[in-house]
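Colleague: Please see the structure below; I have some questions.
Every number in this text was worked out from the coordinates using simple rules, so none of it is lab data. Everything quoted here is computed from the prediction, not taken from an experiment. FYI the Cβ positions are ideal-geometry reconstructions off the backbone, even for glycines, and counts take in every protein chain you see.
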Amino acid sequence: MPKIQVLDHPLIQHKLTYIRDINTGTKEFRELVDEVATLMAYEITRDLPLTEKEIETPIGKGKSDVLAGKKLGIIPILRAGLGMVEGILNLIPAAKVGHVGLYRDPETFEPVEYYVKLPKDVSERDLILVDPMLATGGSAIEAVNSLKKRGAKSIRFMCLIAAPEGVKAMTDAHPDVDIYIAALDEKLDEKGYIVPGLGDAGDRLFGTK
Ligand code: PRP
Ligand code: URA
């Protein structure tokens, strides 16, 4: 069974409340998404392996831990996933960034793929797939299909807000992908929007409507 973890750190929850607020403008929305992405990245990288290194301090010699250099990749689902990339890179600047371009057909809710560009060694990397929203799950499922088709073996998915319908669809389709969520909301409405959610993540991030 995949791990489904709600990251209920108070700072994440506080910032998410303002992200949701209809009165939060584009600039502040973007800044808050960036900050929450950093906090979530901090939480989900707790299991990164360490290796011991000889050190010399002004006082003497000793040993101390550094990251073992595991290869990581950040994969935003375009376009809203872009809003989370810089926040993660703040903590893991050496990660490579790949892109999967998908949009959800407004009538059918089916994902339509229009762009994929990944690091060459994608099969050797631990990938963090990011998108603010997991609604029906169609986009995330298709993004993981796309990554696996190109050789990806280790994928985790990180999103701000998920609907129960999306979590179920995603875990049924990809039981090997752990899911990290800032909030699990109530349901989807008839237009496939998460209730209460935050509205259209891409439009709010980029000021389009
Ligand atoms: C949004 C969101 C997800 C998708 C979630 O993207 O960023 O990718 O919808 O919905 P789903 O779980 O039902 O597939 P959208 O299709 O609006 O595209 P955008 O990021 O270009 O705005
Ligand atoms: N995509 C969004 O941007 N928001 C939702 O609530 C659902 C899908």
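Colleague: Report, by residue number, each residue of segment 166-189 that is assigned to a strand (DSSP E or B) and in contact (Cβ under 8 Å) with a residue 60 or more places away in the chain.
Modeller: So in segment 166-189, the residues assigned to a strand (DSSP E or B) come out as 178-184, 187-188.
Asp178, Ile179, Tyr180, Ile181, Ala182, Ala183, Leu184 - these are the residues of segment 166-189 that are assigned to a strand (DSSP E or B) and in contact (Cβ under 8 Å) with a residue 60 or more places away in the chain.
Colleague: Sticking with this structure for a sec: Output the residues belonging to segment 22-50 that are surrounded by 13 or more Cβ atoms within 10 Å (Cβ to Cβ) and either of a type in the set (Phe, Trp, Tyr) or in a loop (DSSP other than H, G, I, E, B) (or both). Before you say what the answer is, go through the steps one by one.
Modeller: Filtering segment 22-50 down to residues surrounded by 13 or more Cβ atoms within 10 Å (Cβ to Cβ) leaves 24, 26, 28-45, 48.
Of everything in segment 22-50, those that are surrounded by 13 or more Cβ atoms within 10 Å (Cβ to Cβ) and either of a type in the set (Phe, Trp, Tyr) or in a loop (DSSP other than H, G, I, E, B) (or both) turn out to be Thr24, Phe29, Tyr42, Thr45, Leu48.
Colleague: Tell me, which residue of segment 192-209 that is more than 7 Å from ligand 2 (Cβ to nearest atom) and over 15 Å from Gly81 (Cβ atoms) is surrounded by the most Cβ atoms within 10 Å (Cβ to Cβ)?
Modeller: The qualifying residue surrounded by the most Cβ atoms within 10 Å (Cβ to Cβ) is Pro196.
Colleague: In addition: Quick check on my filter: what residues within segment 153-165 are outside any strand (DSSP E or B), surrounded by fewer than 22 Cβ atoms within 10 Å (Cβ to Cβ) and within 16 Å of the chain's Cα centre (by Cα)? Reasoning before the result, please.
Modeller: As a first pass, look at segment 153-165 and keep what is outside any strand (DSSP E or B): 153, 163-165.
Of the ones still in play, those that are also surrounded by fewer than 22 Cβ atoms within 10 Å (Cβ to Cβ) are 153, 164-165.
Passing the criteria: none in range.
Colleague: How many residues are more than 12 Å from ligand 1 (Cβ to nearest atom) and touching a residue at least 40 places away in the same chain (Cβ under 8 Å) if we restrict to segment 190-206?
Modeller: Our first condition is that a residue be more than 12 Å from ligand 1 (Cβ to nearest atom); within segment 190-206, this holds for 190, 195-196.
Subset that is touching a residue at least 40 places away in the same chain (Cβ under 8 Å): 196.
Going through segment 190-206 one residue at a time, the tally reaches 1.
Colleague: Within segment 53-73, is there a residue that is under 28 Å from Glu124 (Cβ atoms), out of contact with any Leu (no Cβ under 8 Å at 6 or more places or on another chain) and part of a loop (DSSP other than H, G, I, E, B)?
Modeller: Checked against the condition, which is being under 28 Å from Glu124 (Cβ atoms), out of contact with any Leu (no Cβ under 8 Å at 6 or more places or on another chain) and part of a loop (DSSP other than H, G, I, E, B), segment 53-73 yields at least one hit.
Colleague: Every residue in segment 74-114 that is within 29 Å of Pro49 (Cα to Cα), touching a strand residue (DSSP E or B) at 6+ places or on another chain (Cβ under 9 Å) and assigned to a loop (DSSP other than H, G, I, E, B), please.
Modeller: Ile92, Ala94, Ala95, Gly98
Colleague: Could you list all residues from segment 174-191 that are more than 27 Å from Leu127 (Cα to Cα) and near ligand 2 (Cβ under 9 Å from one of its atoms)?
Modeller: Taking segment 174-191 and keeping what is more than 27 Å from Leu127 (Cα to Cα), we get 186-191.
Leu188, Asp189, Lys191, listed by residue number.
Colleague: May I pose another question? Assuming Tyr114 fulfils every condition listed in (1) among the aromatic types (Phe, Trp, Tyr); (2) surrounded by fewer than 15 Cβ atoms within 10 Å (Cβ to Cβ); (3) in contact (Cβ under 8 Å) with a residue 40 or more places away in the chain apart from one, which condition is it?
Modeller: (3)
Colleague: Next question. Report, by residue number, each residue of segment 91-102 that is touching a Phe, Trp or Tyr at 6+ places or on another chain (Cβ under 9 Å) and either without any contact (Cβ under 8 Å) to a residue 12 or more places away in the chain or buried (at least 17 other Cβ atoms within 10 Å of the Cβ) (or both).
Modeller: Within segment 91-102, the first condition is being touching a Phe, Trp or Tyr at 6+ places or on another chain (Cβ under 9 Å), and the residues that meet it are 91, 99-102.
Correct list: His99, Val100, Gly101, Leu102.
Colleague: Give segment 120-139 a look and list any residue that's more than 6 Å from ligand 1 (Cβ to nearest atom) and in a helix (DSSP H, G or I), or say none.
Modeller: Start the filter on segment 120-139 by keeping residues that are more than 6 Å from ligand 1 (Cβ to nearest atom), which leaves 120-130.
Selection gives Val122, Ser123, Glu124.
Colleague: Are any residues in segment 14-25 under 21 Å from Leu89 (Cα atoms) and in contact (Cβ under 8 Å) with a residue 60 or more places away in the chain, and if so, which ones?
Modeller: Passing the criteria: Leu16, Ile19.
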